[in-house]
Each structure stands twice: as C-alpha cells, then as structure tokens.
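Structure, as structure tokens:
The values are calculated or read from the model by the stated rules, or taken from the named source; none is laboratory data. What you see is a predicted model, and the numbers here were worked out from it, not measured in a lab. Here the Cβ positions follow ideal geometry from the backbone for every residue, glycine too, while neighbour counts run over all protein chains shown. Side chains are part of the model used for accessible areas, which takes the heavy atoms of the whole protein and leaves out ligands, DNA and RNA. Shrake-Rupley method; radii C 1.70, N 1.55, O 1.52, S 1.80 Å.
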Amino acid sequence: MSTDITEEPTGQAGDRPPGRRSFSVVGKRSRKYDWHAKLTGQAKYADDLSLPRMIYGRLLRSPHPHARLLRIDTRKAGALPGVFAILTGQDLPTKYGILPSSQDENALAIERVRYMGEPVAAVAAIDEWTAEEACRAIEVLYEPLPPVMSIDEALADETPKIHDWTRDRNIQKEVLLEFGDLEAGFAEADYIFEDEYFFEGNTHVPMENHAVVADWAANGHVTVWSSTQTPHYLHRELAKVLELPPSRIRVIVPPVGGGFGGKSEAFSHEIVAPVLSRLSGHPVKICLSREEVFYCHRGRHPVKMWIRTGVKGDGTITAMDFSSTLDGGAYGSYGIATTYYTGALNTLPYEVPRYRFRGRRVFTNKPPCGPKRGHGTVQPRFAIEAHLDRVAENLGLDPAAMRGHILVKPNTWTINHLRVTSCGLGDAIEAVIERSDWTRKHGRMRHGQGIGLACSVYLSGAGLPIYWNPMPHSGAQIKIDRGGGVTVYCGTSDIGQDSDSMLACVVAEELGVDLDAIHLVTGDTSLAPVDLGSYSSRVTFMAGNAARQAAAQLRARLMDVAAETLEVPTDRLAAAGGIIFDRQDTARQLPFDEAARLAEARFGTLGAVGSYTPPRLAGPYKGSGVGPSPAYSFTCAAAEVEVDTETGELRVRKIWVAHDLGRALNPTVCEGQIEGGVYMGWAEATIEEQVFRKGLHKQPSLLEYKIPAAQDTPDIDTVMIESDDPEGPFGAKEVGQGPLAPVIPAVTNAVYDAIGIRLTSTPITPDKILHVLEARRKRASAAV
C-alpha cells in the first residue's frame, strides 16, 4: 500500500507548511507505540492496580427486571467482620447521565428498579469474598411489577410506564425531520420501493471487564483510575454526583482492553467507588464480573425500520422516506443522539435530493442501550443497503454499478446540511469489484453460493460536543527537552485503537524526529489538556490536528535557529530522522537535539499548545447537531458466502473491504482497525444477539453469548483508499468504526445471491434460513 516516501499532493490545506513534499514517518509501517508493555505483560490495566491499604467493592444487583424497592436492610451485612462501608440509593440522590437531556440515572436505584442487574446497594470490604458475602446479607424487599420487554409492548396502550414522566406511553423521544418536497420526489420517480427491516440488539464484549480504583485522600482530593473511554466526561459526572469542585478530582485512564462504545459514559461502579473510599478511609477497587458487564451493556439498540424510496430507471434516487423505532432499554444513555443517528447519515453516501426521517426511542425493562461501534448508523445502513440491492435487481441493474452511479461527490452538501469534503468511495467500489472478481461471480455462482456488496459512511468525529460550548474539542501540549526528547500531553484515552501511535506519528512527522524520540502523557485530567474522549471516531482528526498545530509552532522555532546556523533560508530546510538539513545540499545539516538547545537559548523553554475545534457545520433546524462532521470516511465491502440448504449453516468464506481513510498514518495500525471492524460486522451479521426471556438475560456470559474466535474468521482482503482530506492531519480521516457497517448488508445480499431469498432481520442464523427455505417450499407446493 505505502512506499518509503509518500508524496503529499498539491492543493493541501492552508495550514500545511510550505515546501513540505515528502513524509518520513507518515505512511510507514511501525509497531504500536505501547507494543513492548503489552507484549511483555508490563501494561497495567485498571484491575492490575494495587494501592497500599486497598479494599474491595461489590455491587448488589436487582434480580427483577421491574419492581418497586420497598425496603433495604443493611444491618446484617454491616455487622460482618471485614466490612468497612455500605451504600444505598439514598446516599447518592443526584441523578446523572451522559447527555444534558437525559439526566435520569442514579448510581444506586431509589424506590424502583427498571432492569435486571440494576445496582441497589454497594459494599466495601477487606476482600472480594467478604464483599460478596455482605451483598448476600443485605435484605431487599421488592414488589415485582409487569416488565416491558419489547418495542411492541412499550407502545401498547395498556402497558405500565417505566418512567412516570413520559407523556406518551413509554416513548422517550420522537423526531420528525423533512428536507425538500417529498411528494414531488415520489411523483417524479419511475418506481417506488418499500421494505421493513429489524436489527437485533447486541453488545460490545471487550476483553477487559470494567474496573475502577478510587482513592479519596485526607486532603479531600479524589483520584479515580478507570477503564473509561471518556475521562473528561467521567470527571464531569463525578463532580456533579459527588458535589465536589472539579479541581479536586483527577481521572486517570490506564491501558484499556477494548471499549467499542461500552465504556463511554459514567457507570455506577465509577461513582460508588470514591464514596466508599471516603467512608472507609481506604482506596477501593471494583472490578465487574463478565455477567455484570452484560448488565452494564450500553450496546447496539434493537431497531425496527421502514423505508420507502423513489427511483428513476437508472437507479437515481428521487426521494427517500425512512422511519426507525429503537428499543432503548431502561434509561436514556446516548439514546436521543442514537435516535437522530438512525436518520442523520442516510443522505450519504448516495445523492438523496428529498428526504424525510421519523424516529422514536422507547423505554423497556432491559439494560440501557447506547453507542456501539458505528453508533446508531449500523442499523439503518443494513436496511438501506439491503433495500437498494432489491431496487437494483428489480431495475435490472448491477448492484455495484448502480451504487457507483448515485454516489455523492466531493466538496458538496447533502439535503440535510452535511458537508462532504473528500470522498474516495468510487475508488473503493472499483477496488472491491476488481479484487473480488465481482463481475464474474455475482448472479453466476452455483446454488448455495453467492456474493454481495454494500457501502457505508461514517464520521471523523462529531461536529459538536455533548455539552455545547465554544471551547476546543481537543487540546495538546508539547515540550522539547535539551536532549531532543519530545513529550506530548493529550487527554486522549487509548482503548486499543492505538491513538497513542497516532499522536506519536503526527508529532514525529511534523518535527522530523524518529518515533523513539516521542514520549506520551495521555488520559490524565490533571496533567493533560482536555480531549472529549474516544468515541465517534474523533481522535485522529481532532487530537491529531491539535497535536500537529502545537508541533508546527515548535518546528518554526527550530527552523529559525537552524536556518541561521546553517546559513540557508528556512524554506529550503527539511527535517527527518532527527536531522534538519538543506534540501539542496543535504550535507549541510544540524542534529535535532542541537537545534533544540539553540532554540531554547533563544526562545526560552521549548513548549507549545495546540487545539482543535471543528468548523461550525450544524444546519438551521433542531437536531442538526447530530450528523455533521469535519470529514466522512467511506467504505465498500463484498462478502462471499456458502449456504447449506439442508442444515441452514451459513459460512462467510471471504470478505473484501476498501476503506477511504484519507491517509494511512500507520498502515499496520490502520489495517488492524479495518479488519477488526470487518470481524465485528461479520459477527453481528451471523451470530451476535442479546435476547431476553421473561425479563432475564438469556446469555450473560461468554459461554452463551456467541462471538467468533480467530479460527472462525473468514479471509479478509483489505484495501486502503487515500483521498487526502484537506482538513485532516496529513490528510487522515477516521478508520476505527466505518469499516464495520457495510459488512452486515454485504453478507445479507450475498445470502440472497446464494439462495434467492432476502432476509430482513439480523442475525442471519441457520434457523432463519431454514424457516425461509421451508416457507418457499410450501409456497411452491401450494402453487402446483
């Protein structure tokens, strides 16, 4: 994919330094920044931490999906030897939530529980066994209430309300947005198609369970080490619930063993741990069991969808009408934003001149749903791409060619005010067609074998922060020491996506040093500037730009002293590999560390700050804060499948994926992110589902909840499309979430190509395949 020197094309963004024509670090394959610590086991995750005098916390959770809390008696538990502190909901009355409009949770339930597994009490004890014994000793009297376990039940008139404040049954949020004359668009269409789809909910399954260590010091300052994706927002919620000045709270993020969106808001254990520490006078650690992680959830919403599309004979879309109903679980979480996301990006990656979106989210007595990789956009992308495949078939068009014909163009705006800068999806489609041998295979393979294709789009970070304010979304500080060492301070949280390597790459490229010269201090709210967190694929674009801005200031100072020392103009200087040199006479050079000492002598201590705030892109309507992004990534995927029509077994043999990432800063890391997304999408298409029976989670462990192992994974052929975004750091865009979304409809469309039946719900399991095959046999028999 990459060569030793990747040329930076002309037409670059105005803030790119003049005269820069080649890269020395960007585009080169290198190991992850923290490879050594993780390879040798030296990396300390939250549950590896141990502080002097530390004790352990556990949470008592509700066995009922819906019940009133009549009484909680903690006397027996408190009398047990080794128990230091006990909390109930009355001790933490302040509600919180990740969104300003969804402040509806308590750290421990008060008066009512709304899902099985909701915490009702917390204990701190000398060890985990004593804490668990104390939890069992707590006597709780419940009055069970009828549980609401589905979208249909939540909307039924006779169903009890889960939250008394909802005005219409159990509907939390309703959205109606319309752009352009929809009826005129349908009148202009040659054909109109209509379909319904259902996407089953699923969860994140990170390798690392949620964990926290909290220490409430004698001076009233609190330090929290947590496996969180959003240290800034956790810091904010702790200040609110603990009723402390933010300046007295410090949140530190150790290495995080995966998140995928499941660790991107405050959880009960993160709030009760510091309070237990205050009461006991000891540091407190809480590490959730795998079963508890399933109850924390915040995973993919189950969504019912309806779509109606008007098209011309060549596939050109004239109008689209889309509606979604989300099963949100018991609390708000990110759900209002998720509701908007099920409609916001549907005007991409194809031109949609008229569009209406109707969305609503309902409460049910399940663990709250939230953001999972591709937040809110994966479910509608499944529906739209499967729907467009049916459109293409009925029009007699090749599905890949039709998609290529209706793509959005670079440097345009959509009907709902989304700005497109770079777009390499056309190249991505062509790459997938060629590498998969699409033209020869599609519609021509033997019965039971098929190939399908789909496309998708995703954000490079949200255009607005969760709490609207005019401050930067990401900041970075950089200092250069006298030995040529470069230290970067940034509030990012590396959750395994390797944002640390991204920061090191961007700064090393800008300053012209090797990666080994870079030291990072990240994920610490007291030491590093604010970064809003690892969500919405925002870190590369936003933290990367902030870090590059800070590095560019230092580069200018270094070049000034180098130009004077070497007696050459600054515009003739370049830097790479720790050397500043004259482009026209490379023998004239100055080592980076010597330049640093000269610069410090002239300018004083070498330090600089950078920040990034996205351009104001929101449209002139309520809800326009969801969807705008400084840049969008685009992906095309094809899947080849084999279906056993006797057993219903579905085997995905190979997946081809081409992802427009702007520029691959580190191709090795980018490939890993793309393939991880493909793996997760394939699993959601064929295996994963989070289902309940009579209020109980059927699969709250890795024995029952199925995820594929490495040996199950199909071959993945990855292509990185470099569209060089004009605003991304060195042209880069997101790569962490976008590649997941097209895989699910690609598999769905491949199944149709294999057996001639369209499945309209996920996951595509053997029993569903057998059911539709049997239904077809019965129809055929009845027709004879």
Next on the checklist: For a quick check of understanding: with a 1.4 angstrom probe and all protein chains in place, what accessible area in square angstrom does residue 712 have, to the nearest ten?
Outcome noted: 80
Checklist outcome for this item: note: the stretch 86-218, Cα-Cα separations exceeding 22 Å make up a percent value of 63
Checklist entry - How many nm is it between the label spots at residue 314 and residue 526, if each spot is 7 Å from the Cα in line with the beta carbon? => result 6.4
Checklist entry - If you count the DSSP beta bridges with both ends in the stretch 373-520, what percent of them are antiparallel, to the nearest 5? => result 70
Checklist entry - Amide H neighbours of residue 105 under 5 Å, counting only residues 5+ apart in sequence or on other chains, H built in-plane at 1.01 Å? => result 96
Next on the checklist: For a bin width of 10 Å, list the pair-distance distribution of the stretch 315-457 built from all Cα-Cα distances, rounded to whole %.
Outcome noted: 10, 35, 31, 19, 5
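Need the full-extension length gain, residue 693 to residue 783, defined as separation in residues times 0.36 nm minus the C-alpha distance. One decimal, nm. Don't jump to the answer; show the numbers that get you there.
Working: separation 90, 0.36 × 90 = 32.40 nm, distance 3.77 nm.
So the chain would gain 28.6 nm between residue 693 and residue 783.
What's the local net charge at residue 300, with K and R +1, D and E -1, over the other residues with C-beta under 11 Å away? Can you show the working numbers first?
Numbers: positive: 298, 372, 373; negative: 200, 327, 684, 688, 689.
Once positives and negatives cancel, what remains is -2.
Counting pairwise Cα distances across the stretch 528-609, what percent come out greater than 18 angstrom?
Details: 1641 of 3321 pairs.
Counting every Cα pair in the stretch 528-609, those more than 18 Å apart make up 49 percent.
Taking Cα atoms of the stretch 422-577, Rg/Rh with Kirkwood Rh, to two decimals?
1.16
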Next on the checklist: Please list, in order, the residues from the stretch 131-150 whose amide nitrogen is less than 15 Å from a point placed 7 Å along the Cα→Cβ vector of residue 90.
Outcome noted: 139-141
Item to check | Vicinal HN-Hα couplings computed from phi for the stretch 333-343 (Karplus, 6.51 cos²θ - 1.76 cosθ + 1.60; Hz; Gly/Pro x) | outcome: 6, 8, x, 5, 5, 4, 4, 4, 5, 5, x
Item to check | Heavy-atom accessible area order for 509, 158, largest first, 1.4 Å probe | outcome: 158, 509
Checklist entry - In Å, what is the Rg of the alpha-carbon atoms in the stretch 584-731, and how long is Dmax? => result 24.5, 79
Item to check | Area of residue 161 that stays accessible when all protein chains are in place (1.4 Å probe, Å², to 10) | outcome: 70
Item to check | Karplus-derived HN-Hα couplings along the stretch 775-781 (A = 6.51, B = -1.76, C = 1.60, θ = phi - 60°), whole Hz, x at Gly and Pro | outcome: 4, 5, 4, 5, 5, 5, 5
Item to check | Only Lys, Arg (+1) and Asp, Glu (-1) charged, at Cβ; the stretch 480-531 dipole about Cα centre in debye | outcome: 180
Item to check | q = 0.14, 0.19, 0.26, 0.30 Å⁻¹, the stretch 95-146: log10 I(q)/I(0) [Debye, one scatterer per Cα] | outcome: -0.51, -0.80, -1.05, -1.18
Item to check | the stretch 470-552: mean projected area of Cα convex hull, nm² | outcome: 5.4
Checklist entry - Among the lysines, which have Cα under 27 Å from the Cα of residue 441 when same-chain residues fewer than 8 positions away are ignored? => result 312, 654, 768
Item to check | Principal axis box of the stretch 394-467, alpha-carbon based, largest edge first, Å | outcome: 54, 24, 23
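Loop only by DSSP, 14 or fewer other Cβ within 10 Å of the Cβ. Give me the GluC sites (Glu not before Pro) in the stretch 660-713 that pass, ordered by residue number. Don't skip to the answer; put the middle values down first.
Values: sites: 671, 675, 684, 688, 689, 704; in loops: 688, 689, 704.
Counting only loop positions with at most 14 other Cβ atoms within 10 Å, the GluC sites (Glu not before Pro) in the stretch 660-713 are 704.
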Item to check | In Å, descending, principal axis extents of the Cα set of the stretch 639-712 | outcome: 49, 32, 20
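Semi-axes of the stretch 64-155's equivalent ellipsoid from the Cα gyration tensor, sqrt of 5 times each eigenvalue, largest first, rounded to whole Å? Provide the component values of the computation, followed by the final result.
Details: eigenvalues 152, 53, 25 Å².
That gives 28, 16, 11 Å for the three semi-axes.
Please identify every one of the trypsin sites (Lys or Arg not before Pro) in the stretch 167-234 that sits in a loop by DSSP and has no more than 13 other beta carbons within 10 Å of its own beta carbon. Kindly include the intermediate steps, with their values, before the conclusion.
Working: sites: 167, 169, 173; in loops: 167, 169.
Counting only loop positions with at most 13 other Cβ atoms within 10 Å, the trypsin sites (Lys or Arg not before Pro) in the stretch 167-234 are 167.
How long are the semi-axes of the equivalent ellipsoid of the stretch 436-511, taking √(5λ) for every eigenvalue λ of the Cα gyration tensor, in whole Å from largest down? Please list the in-between numbers first.
Numbers: eigenvalues 400, 85, 21 Å².
Output for the stretch 436-511: semi-axes of 45, 21, 10 Å.
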Checklist outcome for this item: P(r) of the chain over all Cα-Cα pairs, 10 Å bins starting at 0, rounded to whole percent, reads 3, 13, 23, 24, 19, 12, 5, 1, 0, 0
Checklist entry - What list of ³J(HN,Hα) values in whole Hz, one per residue of the stretch 722-734 in order, does the Karplus curve 6.51 cos²θ - 1.76 cosθ + 1.60 (θ = phi - 60°) give from phi, with Gly and Pro shown as x? => result 9, 9, 6, 5, x, 10, x, x, 6, x, 7, 10, 6
Checklist outcome for this item: Interchain or sequence-distant (5+) residues whose placed amide H lies within less than 5 Å of the amide H of residue 588 are 582
Item to check | Rounded, prolate or oblate (a/c below 1.5 giving rounded, otherwise prolate when a/b exceeds b/c) for the stretch 140-272 by Cα gyration tensor | outcome: prolate
Next on the checklist: For a quick size check, give me the Cα extents of the stretch 656-784 along its three principal axes, largest first, whole Å.
Outcome noted: 62, 40, 27
Next on the checklist: Using a 1.4 Å probe on the protein heavy atoms, what percent of the accessible area of the chain belongs to carbon and sulfur?
Outcome noted: 51
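Kindly report the accessible area of the stretch 193-318 per residue (heavy atoms of protein chains, probe 1.4 Å, no ligands, DNA or RNA), in Å². Walk me through the intermediate numbers first.
On the way: 3420 Å² over 126 residues.
Dividing the accessible area of the stretch 193-318 by its residue count gives 27 Å².
Ranked from the most accessible area to the least, with a 1.4 Å probe and all protein chains present, what is the order of 727, 646?
646, 727
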Item to check | Rg(Cα) / (2.2 N^0.38 Å) computed for the stretch 205-267, rounded to two decimals | outcome: 1.12
Checklist entry - If you keep only loop residues by DSSP, which chymotrypsin sites (Phe, Trp or Tyr not before Pro) in the stretch 421-504 have at most 13 other Cβ atoms within 10 Å of their Cβ? => result 467, 468
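Accessible area per residue of the stretch 610-709 at 1.4 Å probe, in Å²? Spell out each step's value before the answer.
Values: 3610 Å² over 100 residues.
Ligands and nucleic acids excluded, the result is 36 Å² per residue.
Can you tell me what share of the DSSP beta bridges in the chain is antiparallel? A percent to the nearest 5 is fine.
Numbers: 104 of 131 bridges.
Of the beta bridges lying entirely in the chain, close to 80 percent run antiparallel.
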Checklist entry - With every protein chain in place, what's the accessible area of residue 752 (1.4 Å probe, Å², nearest 10)? => result 50
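Just the number please: accessible area per residue for the stretch 460-591, 1.4 Å probe, all protein chains included, in Å².
Working: 4510 Å² over 132 residues.
Per-residue value: 34 Å².
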Checklist entry - What shape does the stretch 46-85 take by its C-alpha gyration tensor, where a ≥ b ≥ c are the square roots of the eigenvalues and a/c under 1.5 counts as rounded, a/b above b/c as prolate, and the rest as oblate? => result oblate
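Ratio of Rg to Rh for the stretch 182-337, alpha carbon only, Kirkwood?
Numbers: Rg = 22.7 Å, Rh = 18.6 Å.
Expressed as Rg/Rh, it is 1.22.
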Next on the checklist: Under the rule of at least 5 residues apart or a separate chain, name every residue whose amide H is placed under 5 Å from the amide H of residue 60.
Outcome noted: 120, 121, 122, 123
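Mind ranking 413, 216 by accessible surface for me, highest first, 1.4 Å probe?
Working: 413 150, 216 45 Å².
Result, largest first: 413, 216.
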Next on the checklist: Between the stretch 678-693 and the stretch 191-220, how far is it from one alpha carbon centroid to the other, in angstrom?
Outcome noted: 14
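Counting every Cα pair in the stretch 605-658, what percent are over 15 Å apart? Walk me through the numbers before you get to the answer.
Details: 1046 of 1431 pairs.
Summing the P(r) of the stretch 605-658 above 15 Å gives 73 percent of all pairs.
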Checklist entry - Rounded if a/c is under 1.5, else prolate if a/b is larger than b/c, else oblate: which is the stretch 131-170, with a ≥ b ≥ c the root eigenvalues of its Cα gyration tensor? => result prolate
Checklist entry - Taking only the alpha-carbon positions of the stretch 170-232 and ignoring solvent, what does the Debye formula give for the base-10 log of I(q)/I(0) at q = 0.14, 0.23 Å⁻¹? => result -0.81, -1.11
